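To keep things clear, I will list the structure first and then write my remarks on it.
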């Protein structure tokens, strides 16, 4: 028998699809029957367990689900989660301690929370995560029923058995593409294979009650992969959940990049006409569907096109101890500050009650959501409006180092760090050019006596571009329907010429990798090396005011190269960056040939070799 579909859950579907859904025996009596069963389930829960009024808002929504962010840090740099210019981490002493997390979790559970989900940043980078899960598991005696976690899976496959043994029951893995190359573009990091390994480990773990795969769908980037993800659920007991791209501070959200869930469902219905509505858990954010013959299921989280605010039962606790009653509401109340001032549990519960009562009936529409004062996604659980009394700390991703490599000289003032220079000889030796022999002729360095070792180098650089080129680059990632243009025909022809060359950043990334491999052919005295890994990332940047080059817009390129050899790979990294930026120039010269400027090409990081490590 097909599962009933309620009226609210099909509002997001196109009119033609609605009739299709109704035609599949989703009759009014079945809808009412589902509603009665849900009401009976709620009544049964109410009769067996007291529920604190502090967790009931003015619209009578009962909040029995708490999401706890354990850290603001993450080992990926997903563009929709973290701004390209980076984030400012809270001071370490602002982050809730383990005991504070458990105290607040206990208070929420005593008040009626039955489900806790651990988030981040990335929760697995929090030290002692297994112990936290174990202490949360002890709250089952006072009403906690499930402990979930959302993770990117990078370091999960070996640790998962311990987490499950300590009490973890539900796991959501984030994976937005099945293409390893595209994974590095979206996350600005390698690691696609280990995420898939974590998924396999989770599906084989007998203690997990459910495994879900979260996929943020972005138009023109990964929306073509939906059938590939659906194929994953054919033989695996996993729920694939397609999530609409949502706006947060710094993630350059655009309505044109968002693919409504109804469009995805329509595509799936064309290929799988027998797809049917599956029953959802009470208050579930995803609308679930089942394809006959598939072990797993498909879900849609349509926060933008068809919100589920009426049934929302979620509260969020940020890593720095703020309670957020809505993902898209910038208002926050600090439980940490009151707790550290000595507030009792009753006083904390009153504070929670005031926050819950302030929850709106629904969040703003997609055109009006506040992304100016709300946090980036990574800080909600994952920047709050700055407190004027709070000291300013260096961001973890500075403008000239947006891919997160932090200085190893953290105890030294930044101006001293900038003065450091890496040298292959001691300070007392006389400087000399290593590629010149005693007679002053060019000569390749003899590395025959050196020992092979693991060597890594990272270089970066920028190309400064005008706005017309920036708009062209960003739209190439997320193509929207072209609007009526009032531009001159010459400029439009130039744009069309640039578009016909392909996606600027993707082509430049490929060129950088190819150039890196041929460094020894381009630089006469470089040794040919067998490279073990090349990672190149490019990102379009904009700033509110022009920088030292006089432009508000630029494209940043970073390349990390590794090898097992007798000499370093700094030249390979520099070549990759140079070729990548030159390719951007070539791709955009039709619209901005006289205005672009390449600069700031530097080695930022080096490991291995006799001279030791170096961080700029």
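The rows are residues; the columns are (1) surrounded by 17 or more Cβ atoms within 10 Å (Cβ to Cβ); (2) assigned to a loop (DSSP other than H, G, I, E, B); (3) modelled with pLDDT under 95; (4) not assigned by TED's automatic domain parsing to the domain that holds residue 77.
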site	(1), (2), (3), (4)
536	yes, no, yes, yes
550	no, yes, yes, yes
562	yes, no, yes, yes
584	yes, no, yes, yes
603	yes, no, yes, yes
609	yes, yes, yes, yes
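One residue is enough: does the stretch 120-141 have a residue meeting the conditions modelled with pLDDT of 95 or more, more than 26 Å from the chain's Cα centre (by Cα) and buried (at least 23 other Cβ atoms within 10 Å of the Cβ)?
No.
Restricting the stretch 163-176 to residues that are in contact with a helix residue (DSSP H, G or I) (Cβ under 7 Å, 6 or more places away or on another chain) and over 15 Å from residue 241 (Cβ atoms), which is surrounded by the fewest Cβ atoms within 10 Å (Cβ to Cβ)?
166
Please report, ordered by residue number, the strands (runs of 3 or more DSSP E) entirely within the stretch 159-253 with at least 3 residues that are assigned by TED's automatic domain parsing to the domain that holds residue 301 and under 27 Å from residue 139 (Cβ atoms).
Passing ranges, in order: 170-174, 210-217.
Quick one: which residue in 61, 77, 37 is farther than 22 Å from residue 325 by Cα, surrounded by 16 or more Cβ atoms within 10 Å (Cβ to Cβ), assigned by TED's automatic domain parsing to the domain that holds residue 214 and modelled with pLDDT of 65 or more?
77
Only one of these conditions is not met by residue 189: (1) out of contact with any strand residue (DSSP E or B) (no Cβ under 7 Å at 6 or more places or on another chain); (2) buried (at least 17 other Cβ atoms within 10 Å of the Cβ); (3) within 21 Å of residue 475 (Cα to Cα); (4) modelled with pLDDT under 90. Which number is it?
Every listed condition holds for residue 189 apart from (3).
Please specify each residue of the stretch 97-109 satisfying the condition of being surrounded by fewer than 22 Cβ atoms within 10 Å (Cβ to Cβ) and farther than 13 Å from residue 352 by Cα.
If the condition is that a residue be surrounded by fewer than 22 Cβ atoms within 10 Å (Cβ to Cβ) and farther than 13 Å from residue 352 by Cα, then 97, 98, 99, 100, 102, 103, 106 are the ones that fit.
Looking at (1) within 23 Å of residue 220 (Cα to Cα); (2) part of a strand (DSSP E or B); (3) out of contact with any strand residue (DSSP E or B) (no Cβ under 6 Å at 6 or more places or on another chain), find the lone condition where residue 555 falls short.
Result: residue 555 passes all but (3).
I'd like to know if the stretch 260-267 contains one or more residues that are in the same structural domain as residue 73 (by TED's automatic domain parsing), in contact with a strand residue (DSSP E or B) (Cβ under 6 Å, 6 or more places away or on another chain) and at pLDDT 90 or above.
Checked against the condition, which is being in the same structural domain as residue 73 (by TED's automatic domain parsing), in contact with a strand residue (DSSP E or B) (Cβ under 6 Å, 6 or more places away or on another chain) and at pLDDT 90 or above, the stretch 260-267 yields at least one hit.
The values are calculated or read from the model by the stated rules, or taken from the named source; none is laboratory data. Given the structure is predicted, the values throughout are model-derived calculations rather than measurements. Neighbour counts run over all protein chains shown; Cβ positions are idealised from the backbone, glycine included.
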